[in-house]
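For reference, the structure discussed in these notes is given below.
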Amino acid sequence: MTPKPHFSPALRAGDFIFVSGQLPLDANMQIVPGDIAEQTTVVIAHLARILASEGADLANVVKTTVWPSDPADFAKFNETYAQHFVYGPPARATVGSVLMVPGALVEIEAIAYCPDLD
């Protein structure tokens, strides 16, 4: 049994949505095999799903923080990332890091601006 994470996938604070760092995990909480491009696509799909649950989408993202595990993957990561943020890239910080889940090549967190209409 996989222990429940001790964090919220996302929290809304007024008109901002803070999405916790997402990893390239499948439904069974296993790392999706593949290169940085494939794992980035999975991570961004997770971000999009979480944003949708809050009434937002990738176009609402104003800031991301990215942690690739290997600087040599940066160009391929950047190419894949750009394909998903077609409305103009959000502000971004990218910092190489040893990730806490073996096999993960990238982790991304996001901040979105989406007025709460309720």
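The values are calculated or read from the model by the stated rules, or taken from the named source; none is laboratory data. Remember, predicted model here, so these are calculated numbers, not experimental data. Heads up, the Cβs are rebuilt from the backbone with ideal geometry, glycines too, and the neighbour counts pull from every protein chain shown.
Taking His6 and the conditions (1) free of Cβ contacts under 8 Å to residues at least 12 places away in the same chain; (2) closer than 19 Å to Ile111 by Cβ, which numbered condition does it fall short on, given that it satisfies the others?
(2)
Any idea how many residues of the range 47-79 are under 20 Å from Ala13 (Cβ atoms), surrounded by 17 or more Cβ atoms within 10 Å (Cβ to Cβ) and touching a strand residue (DSSP E or B) at 6+ places or on another chain (Cβ under 7 Å)?
Final tally of qualifying residues: 8.
Run down Asp57, Asp70 and say which single residue is over 23 Å from Ala112 (Cβ atoms) and either modelled with pLDDT under 95 or not basic (Lys, Arg) (or both).
On inspection, the qualifying residue turns out to be Asp70.
Per-residue answers, yes or no, for (1) under 18 Å from Phe7 (Cα atoms); (2) of a type in the set (Phe, Trp, Tyr); (3) in contact (Cβ under 8 Å) with a residue 60 or more places away in the chain:
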| site | (1), (2), (3) |
| --- | --- |
| Pro24 | yes, no, yes |
| Gly88 | no, no, no |
| Ser97 | no, no, no |
| Leu105 | no, no, yes |
| Glu109 | yes, no, yes |
| Asp116 | no, no, yes |
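Give me the strands (runs of 3 or more DSSP E) completely within the range 4-118, filtered to those with at least 3 residues that are of a type in the set (A, V, I, L, M, F, W, C) and in contact with a helix residue (DSSP H, G or I) (Cβ under 6 Å, 6 or more places away or on another chain), ordered by residue number.
106-113
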